[in-house]
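What follows is a short report on a single structure.
Any read-out appearing in this document is the output of simple, stated calculations on the displayed coordinates, not a laboratory observation. This structure is a prediction, so every number in the text was calculated from the model and none was measured. A quick note on method: Cβ atoms are made from the backbone with ideal geometry, for glycine too, and the neighbour counts reach across all protein chains shown.
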Amino acid sequence: MFELFNKGGFLMYPIFFSSLLAIAIFFERMFYLKSIKTSTRKFGKRISDLIRKGNINFAISACRKNITPISQIILAALLKYGSSRDEIKETIEDTARHEITILERNLPILSTVGNIAPLLGLLGTVFGMIKAFQVVSVVGVGNPEALAGGISEALLTTAFGLSVAIPTIVAYNYLAHRVDRQVKEMESTSIEILELLSNNKEEKEEGVKLDEILSHQ
């Protein structure tokens, strides 16, 4: 295997580095997304229960202790408790945009690796064919062994580039799908929190008005 790698020429090294980078990003994102997958629903339900009971301070404390994208979105909403529905919604949307960026971290790099690896392989193919034609111009077509060296370099870089690009593109699409699902769960939980905070505010205002009416009687 190492012998084939050396025969592929110098472009095998950036392709190999790209493969290591892709593997590192894939596992880092996988572990991260797995760690927050179950916490979104469970945490959202826990905070919803606290809001229904009126324990806003406990909900804020829970969000500060559990640093995840959904907890930061809910925390921003809770800190706006008592504001209008539109203000809370705007805060949720601003925070969500920031947290989605964190969820998508390094995915553009993975996409770039998937696109650039076959191009590096193609560049290696071009260099290999140039080398093959240089051999032909010097020794003619009567020396197949010398000619095969350039063609071999061309085929090896192409094969290696594609072998890196194909799984990288699959990994990128898989992770992008996971992120999309996570965003939809966060959106659903955020809507529920928004409704609860808005309803609690209305109930609180109605209670204040009722107290004022009773106090004037």
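Taking K and R as +1 and D and E as -1, what net charge do the other residues with C-beta under 12 Å from the C-beta of N106 add up to?
0
For a protection proxy built on the mean count of beta-carbon atoms within 10 angstrom, sort 124-133, 25-34 highest first, please.
124-133, 25-34
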